[in-house]
Structures are given as structure tokens and as C-alpha cells.
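Here the structure comes first, spelled out in C-alpha cells, and everything after it is commentary.
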């Protein structure tokens with residue numbers, strides 16, 4: 001295992017992301033009921049949830065490509 | 001927007017896998033050219049039984065977090081001009097509002113088929129002209145053999161940059177241009193109107209930033225992600241207020257698309273700048289063909305020509321296949337260019353020195 005690759009970060013963010021997706025599908029019925037309500041602050045739920053998932057899963061996918069060895073070239077790109 | 005009787009689909013494993021894959025490819029294209037994917041994701045969801053309005057709402061709810069992650073990634077590479085993105089986004093938001101109003105008016109006057117004809121015609125006209133122009137530019141760069149050179153600023157952009165209108169001038173640091181906000185406003189409006197019409201404002205926004213404002217392809221495609229984030233957030237709030245977002249669909253798409261958007265963003269640092277233009281042109285022109293195929297269907301529904309039910313169904317199926325082909329073509333060019341770029345960046349191994357005895 002290469003030491004400079006973020007294996008621990010990949011594991012932690014992957015766990016958080018998987019946990020959130022498990023919650024979504026274990027409580028699917030309750031989630032769908034709450035997330036389609038249009039009273040009070042309920043319409044904020046889809047927006048906030050999408051943001052939370054983007055942070056957790058976004059971190060995981062970033063570390064995933066890093067661990068796979070697919071990293072950006074230095075500089076501003078463009079070959 | 002009227003409240004509708006909401007029917008949410010039951011998700012099966014094949015449907016989930018299908019959405020993950022489409023999400024991944026859509027994300028890959030978005031991370032690379034700043035937009036794209038939305039035109040396939042909505043019909044893809046509808047193909048598994050999701051109603052049109054729920055598909056649009058769920059797609060837009062997945063779009064803004066995807067754009068956020070893509071924009072953040074490309075910001076780290078120095079590609080994003082946040083100020084330009086926000087200035088464009090403000091007028092694009094107004095454009096979405098105008099575009100939605102036009103859509104509503106056409107739907108009320110000419111019905112569902114009239115609305116479909118308007119959307120498809122907009123696709124064909126805009127994408128053929130802009131896609132053709134972008135392809136021509138990419139070919140000129142390719143034939144010049146100078147693919148690593150800084151992109152040439154178009155004559156129109158040079159003129160736009162030369163106009164000084166006191167009190168309206170803004171310097172966009174990353175894009176490295178100083179232009180009057182009076183030029184960004186119509187561009188943002190057009191981006192928003194197109195986004196409300198064909199779901200992909202970037203097909204105007206990115207070429208507009210490149211050829212009208214004189215921004216490089218790398219910065220334009222990355223800055224488009226900021227615009228997509230703002231428009232996507234606004235759209236999600238609008239649909240959530242009507243309880244139309246299927247959060248499961250949005251998050252499944254997001255699960256695939258975040259892998260894609262990160263890979264697409266990384267890809268921009270591997271390829272020659274003109275490849276962004278090639279991908280964009282290829283997708284735009286194939287999508288134009290796809291939408292041209294369904295125009296006779298809408299004309300038949302409006303009673304302007306006659307077609308059998310079987311022919312109409314066939315044209316719709318072939319059109320959908322062309323849409324998928326557009327996305328796959330874009331993804332293949334990106335992956336191919338990344339592999340070539342990666343090979344070119346890996347230094348040749350040093351020849352082994354013969355061991356001294």
C-alpha cells in the first residue's frame with residue numbers, strides 16, 4: 001500500500017457516504033413523505049440533503065480517483 | 001406551476017444501475033465541458049416510467065450539487081472565474097424566467113405538440129449553428145498543428161473587449177478580460193432562456209464566453225459550472241416548493257455523476273485545449289440530429305403532415321438512441337484524449353546503463 005495515497009480519508013468518506021445512502025433507502029417511505037411536503041420548511045429538505053450528499057460523496061469520489069492514481073496534472077492544464 | 005397528482009416510481013435494481021451509469025457519463029461530460037447530460041438524463045428517467053415533471057425536477061436537483069463539486073474541483077486547477085460566473089448567473093436566472101414564460105405561452109396556445117415542436121426546433125437551430133461554428137474552430141486549430149498554443153481571440157471578442165462604456169466595465173481576473181457588463185447581460189439572458197427551453201444553457205453560455213467575450217475554452221467550460229450551480233439551485237427551490245423532487249432519483253444520479261464530474265474535471269488538465277471544443281461540437285451536432293428526427297412527429301400531431309403511429313414511435317426511439325449516442329461519443333472522446341494525454345505525460349524510461357564489471 002502506497003503511503004502517500006489517502007486510504008484513510010477514502011475509507012472514512014466512503015463510510016459516511018454509504019451510511020447516508022443506507023439511511024435514504026431504509027427510511028425510503030418516510031423520506032418520500034417528508035420530502036414532497038410543501039408546507040413549512042419541508043421544501044428546504046431536498047436542497048439541504050443534496051448539499052450534504054454532495055459534500056460526503058463528493059469527498060469520497062475525489063479520494064477514489066486519487067487512490068486509483070488518476071490525478072490532475074500540475075499547472076493549469078491544457079496539455 | 002400547478003400542483004399535480006404525484007406518482008413516484010418504484011425503484012428496481014436494473015433501474016438504479018441504469019441511472020448510476022447515465023449519471024456517471026453525464027457527470028463526465030459536465031466536468032469536462034461545463035454542461036451537458038441534462039438533455040439525456042430527463043428522457044432517460046422518463047424511459048423507466050418517471051413522469052416528465054418529476055424527471056425535470058429530480059434532474060435539476062442533482063444538477064446543482066454536481067455543478068458545485070465540479071466547480072470546486074476546477075477552481076483548484078485555476079480554471080474558474082467566480083466573478084464572471086456570478087455576473088452571468090444573475091442574468092441567466094432572469095433568462096430562465098423569460099424562457100419558462102415563453103414555454104408556458106406556447107403550451108397554452110398550441111398545446112403539448114406545439115411546445116414539443118418549439119423545443120425541438122430550438123435544439124436543431126441553435127445546436128446546428130453554434131455546434132457547427134465550434135467544430136469549424138476546432139478543425140482550424142487542429143489543421144494549424146499548433147494545438148498547444150493559447151487560443152486565438154475571435155474578431156468579435158476583440159471588438160467587445162475594445163469597447164469602453166464608463167461605469168459598466170468589469171475586470172475578470174481569471175478569464176483575463178475587461179469587458180462591459182452590457183455584453184455579459186444578453187449572453188446570460190440567452191443562456192437562461194436556452195436552459196429553460198432545452199435544459200442545457202451551457203450550449204450557448206460556453207461558446208458565448210469563448211467567442212463573444214474572448215475567454216479561453218478551459219475557463220469558459222469551468223465558469224459555466226458556477227452558472228449551472230446557481231440556476232440549478234434556483235430551479236430546485238422552485239420545484240421543491242411544489243413537492244415535485246424525487247430525492248431518491250436525484251441522489252442516485254448524483255452517486256454516479258460525482259464520480260464522472262471529478263474525472264471529467266481531472267481530464268481537462270490532461271488534454272489539449274481544442275479537445276473541449278471537439279467534444280462540445282460533437283455532442284451538439286449529434287443532439288441536433290436527434291431532435292430533428294422528432295420534428296415530423298410533432299408536425300403530424302399538429303395535423304401539418306401525416307405519419308403512421310408506428311413511424312412516429314420509431315422516430316422517437318431512434319431520436320432517443322441518437323441522444324444516448326451523443327453522450328457516449330462525448331464520453332469516449334474525453335476518455336480517449338485523457339489516455340493519450342496521460343501517455344504523453346509519462347516520461348520515457350531511462351535506458352538501462354550496462355552494469356560495470
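Every read-out reported here was derived from the displayed coordinates using simple, explicitly stated rules and does not represent laboratory data. None of the values given here were measured: they were computed from a predicted structure. Virtual Cβ from ideal backbone geometry, glycine too; neighbours counted across all protein chains shown.
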Item to complete: Compute the relative contact order of chain B as a whole-number percentage, counting only Cα pairs closer than 8 Å that sit 6 or more residues apart in sequence.
Response: 33
Item to complete: Please give, to one decimal in nm, the separation of the simple spin-label points placed at residue B:20 and residue A:32, each 7 Å out from Cα toward the Cβ.
Response: 2.0
Worksheet item: Is region B:1-136 rounded, prolate or oblate when judged by the Cα gyration tensor, a ≥ b ≥ c being the square roots of its eigenvalues, rounded requiring a/c under 1.5 and prolate requiring a/b larger than b/c?
Response: oblate
Worksheet item: What average count of beta carbons from other chains do you get within 10 Å of the Cβ of residues in B:269-282?
Response: 2
Worksheet item: What shape does region B:216-357 have by the C-alpha gyration tensor, where a ≥ b ≥ c are the square roots of the eigenvalues, rounded means a/c under 1.5, and otherwise prolate means a/b greater than b/c and oblate the rest?
Response: prolate
Worksheet item: Which shape class, rounded, prolate or oblate, goes with region A:28-70 when its Cα gyration tensor gives a ≥ b ≥ c as root eigenvalues, a/c under 1.5 marks rounded, and past that a/b bigger than b/c marks prolate?
Response: prolate
Worksheet item: Can you work out the FRET efficiency for the pair residue B:154 and residue B:48, with r the C-beta to C-beta distance and R0 = 30 Å, to the nearest 0.05?
Response: 0.10
Discussion item. Only Cα pairs within less than 10 Å get springs; with that Gaussian network setup on chain B, which residue of B:107, B:277, B:304 has the largest fluctuation?
Written reply: B:304
Response to the item:
Residue separation between residue B:112 and residue B:328 times 0.36 nm, minus their alpha-carbon distance, gives in nm 74.8 nm
Worksheet item: Between the helical axis of A:7-26 and the dominant principal axis of chain A, each derived from Cα atoms, what acute angle in degrees is found, rounded to the nearest 10?
Response: 20
Worksheet item: Okay, helix-only estimate at 222 nm for chain A: each DSSP H run of n ≥ 4 adds -39500 (n - 2.57), divide by all residues, round to 500 deg cm²/dmol; what do you get?
Response: -22000 deg cm²/dmol
Item to complete: With no solvent and one equal point scatterer placed on each C-alpha of the protein assembly as shown, evaluate the Debye formula and give log10 I(q)/I(0) for q = 0.06, 0.11, 0.12, 0.13 Å⁻¹, two decimals.
Response: -0.25, -0.84, -1.00, -1.17
Worksheet item: Quick one: if you stick a label point 7 Å off each Cα along the C-beta vector at residue A:23 and residue B:102, how many nm between them?
Response: 4.2
Discussion item. What distance in nm lies between label points placed 7 Å from Cα along the C-beta direction at residue B:144 and residue B:182?
Written reply: 3.0
Fill in: Spherically averaged projected area in nm², based on the convex hull that wraps the Cα atoms of chain B
23.1
Practice prompt. Per DSSP H run of n ≥ 4, the term is -39500 (n - 2.57); total these for chain B, divide by its residue number, and report the mean residue ellipticity at 222 nm rounded to 500 deg cm²/dmol.
Written response: -26000 deg cm²/dmol
Worksheet item: Most exposed first by the Cβ proxy, i.e. fewest other Cβ within 10 Å, how do B:61, A:22 rank?
Response: A:22, B:61
Practice prompt. Mind sorting A:63, B:274 by how few other Cβ atoms lie within 10 Å of their own Cβ, fewest first?
Written response: A:63, B:274
Worksheet item: Given springs between every Cα pair under 10 Å in a Gaussian network model of chain B, which of B:293, B:218, B:189 has the largest fluctuation?
Response: B:293
